[in-house]
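Remarks on the structure that follows.
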Amino acid sequence: MRYLSLSVPSDQTVMILDKPAVLIQRTTAPEQSRRVVCAELNEDALSKFGGQVVIENHLNVLQPTTPSPLLSLGTLNRVLQTDTIDRLMRCISGSIAVSSYEIDSLPLPNAATLASWEFLTGEDLETAVRTAYTPAVKRA
């Protein structure tokens, strides 16, 4: 049987997650088709595990820093899964690692553009994200 022992007090604050988040895989294999592999850890998922999960060091954890973020976690997760964001990440780094520094380096559009993505899904979201990152000269 596998288990994890949290042996020092700081383990409780660093390794246990009890609030919703977007989790991003930190290391991908060269043969993987995507560099940004992520999933939303929502309230439903947390409740299935008693309200807490242990996060190990192969994941980046994204959580809101304000009570009313521009994007919900669900939308952030969907945006990060778009082909455009995956291509941007590959431009930022040639590595198979996805560090918090690189995630923080992703350029984001203005607040109005981000807010307009909140209820988009599928191809509508792909198109909106691609358009936001296409230089205006190319669109003319």
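Do the conditions hold for Ser99, that is, is it touching a residue at least 12 places away in the same chain (Cβ under 8 Å), small (Gly, Ala, Ser), in contact with a helix residue (DSSP H, G or I) (Cβ under 7 Å, 6 or more places away or on another chain) and within 22 Å of Val129 (Cβ to Cβ)? No.
Do you know which residues across region 1-47 are β-branched (Val, Ile, Thr) and in contact (Cβ under 8 Å) with a residue 12 or more places away in the chain?
So in region 1-47, the residues β-branched (Val, Ile, Thr) come out as 8, 13-14, 16, 22, 24, 27-28, 36-37.
Result: Ile16, Val22, Ile24, Thr27, Thr28, Val36, Val37.
Taking (1) assigned to a loop (DSSP other than H, G, I, E, B); (2) surrounded by fewer than 13 Cβ atoms within 10 Å (Cβ to Cβ); (3) not polar (S, T, N, Q) in turn, Leu70 satisfies each apart from (2). Residues in region 73-96 that are closer than 16 Å to Val61 by Cβ and loosely packed, with under 13 Cβ neighbours inside 10 Å: 0 in all. Of all residues assigned to region 49-59, at least one qualifies as being closer than 15 Å to Ile96 by Cβ, of a type outside the set (Lys, Arg) and modelled with pLDDT under 90. Each residue in region 1-32 was checked for being out of contact with any helix residue (DSSP H, G or I) (no Cβ under 9 Å at 6 or more places or on another chain) and surrounded by fewer than 10 Cβ atoms within 10 Å (Cβ to Cβ), and 11 pass. If you scan region 72-95, which residues turn out to be in contact with a Cys (Cβ under 9 Å, 6 or more places away or on another chain) and hydrophobic (A, V, I, L, M, F, W, C)? Residues satisfying the conditions are Leu76, Leu80. When each of Asp86, Asp44 is tested for being part of a helix (DSSP H, G or I) and within 14 Å of the chain's Cα centre (by Cα), the lone residue that passes is Asp86.
Polar (S, T, N, Q) and in a loop (DSSP other than H, G, I, E, B): does that describe Asn77? It is false that Asn77 is polar (S, T, N, Q) and in a loop (DSSP other than H, G, I, E, B).
The values are calculated or read from the model by the stated rules, or taken from the named source; none is laboratory data. Quantities reported herein were computed from a predicted structural model and do not represent experimental measurements. We place every Cβ from the backbone using ideal geometry, glycine too, and count neighbours over all the protein chains shown.
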